[in-house]
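To start, the structure itself, in structure tokens.
The values are calculated or read from the model by the stated rules, or taken from the named source; none is laboratory data. Remember, predicted model here, so these are calculated numbers, not experimental data. FYI the Cβ positions are ideal-geometry reconstructions off the backbone, even for glycines, and counts take in every protein chain you see. Keep in mind that these areas ignore ligands, DNA and RNA; they rest on the heavy atoms of the full protein, side chains included. Shrake-Rupley method; radii C 1.70, N 1.55, O 1.52, S 1.80 Å.
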Amino acid sequence: MNIGIDIDGTLTQSLDIERLAKAYIKKNDLPYKLVNPKASMVIDMFDWDSEICRQFYLANCETLHVDVPAKEGASEIVSKLKQQGNKIYIITARSVAWCREPYKISEEWLKKYNIPFDELLVEQFEKSDACRQANIGCFIDDSVSVLKGLEPLSLPTILMETKYNKEDTRYNGLRAKDWRETEKLLNDLHVLEK
């Protein structure tokens, strides 16, 4: 089976992006303030425009995309999936607009944390298109809106719970608090053999 997996918030530990953004605002003496602490995207968290947000991401690219550790169990579970003959597609919206060299940075991070993959697809803003083209049979992401967008494809999806999505009731599918729970769900779906 072709399995699609997001990177940020799914394979990576969740960062305290609010703290990072507040430090950036203070350091640069910017007039912005927090408006939505439960937002998953920093652009929605503060009352700033997309250009200031882009500058924040570029200034913090190392912290956000290189230094962030993998979630516990991610390497082990993805390795099991790969060893059992599944193809692993890492599908991320990381983009040159927000991160210098998104492919290179993502590839290096995946190798650093021993997360195997067959294909790495960056700048995938419409993950439903990427899933359709790669014939994805199961997808794991931390974004409710992404998983909602996959509903027309009728494929099993798993929401990796985070502080910003655990109370979101728009998604009625499978949820996992961590990679151990993800493993159990993949076993139940017969994607992963015990």
Failed item, numbered, when residue 98 is tested on (1) in a loop (DSSP other than H, G, I, E, B); (2) open to solvent by less than 30 Å² (accessible area, probe 1.4 Å): (2)
Per-region count, the stretch 24-69, residues farther than 24 Å from residue 106 by Cβ and either open to solvent by 30 Å² or more (accessible area, probe 1.4 Å) or modelled with pLDDT under 85 (or both): 15
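Yes/no matrix, rows are residues, columns are (1) open to solvent by 30 Å² or more (accessible area, probe 1.4 Å); (2) closer than 19 Å to residue 72 by Cβ; (3) in a helix (DSSP H, G or I):
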{"position": "147", "(1), (2), (3)": "no, no, yes"}
{"position": "152", "(1), (2), (3)": "yes, no, yes"}
{"position": "164", "(1), (2), (3)": "yes, no, no"}
{"position": "186", "(1), (2), (3)": "no, yes, yes"}
{"position": "190", "(1), (2), (3)": "yes, no, no"}
Criterion violated by residue 91 - all others in (1) open to solvent by 10 Å² or more (accessible area, probe 1.4 Å); (2) in contact with a Gly (Cβ under 7 Å, 6 or more places away or on another chain) satisfied: (1)
Every pair of residues 6+ apart whose Cβ atoms lie under 8 Å, when the first sits in the stretch 170-194 and is more than 23 Å from residue 14 (Cβ to Cβ) while the second is open to solvent by 60 Å² or more (accessible area, probe 1.4 Å) and in a loop (DSSP other than H, G, I, E, B): 187/193; 187/194; 191/1; 192/84; 193/84
Residue among 89, 164 that is touching a Pro at 6+ places or on another chain (Cβ under 9 Å) and closer than 17 Å to residue 9 by Cα: 164
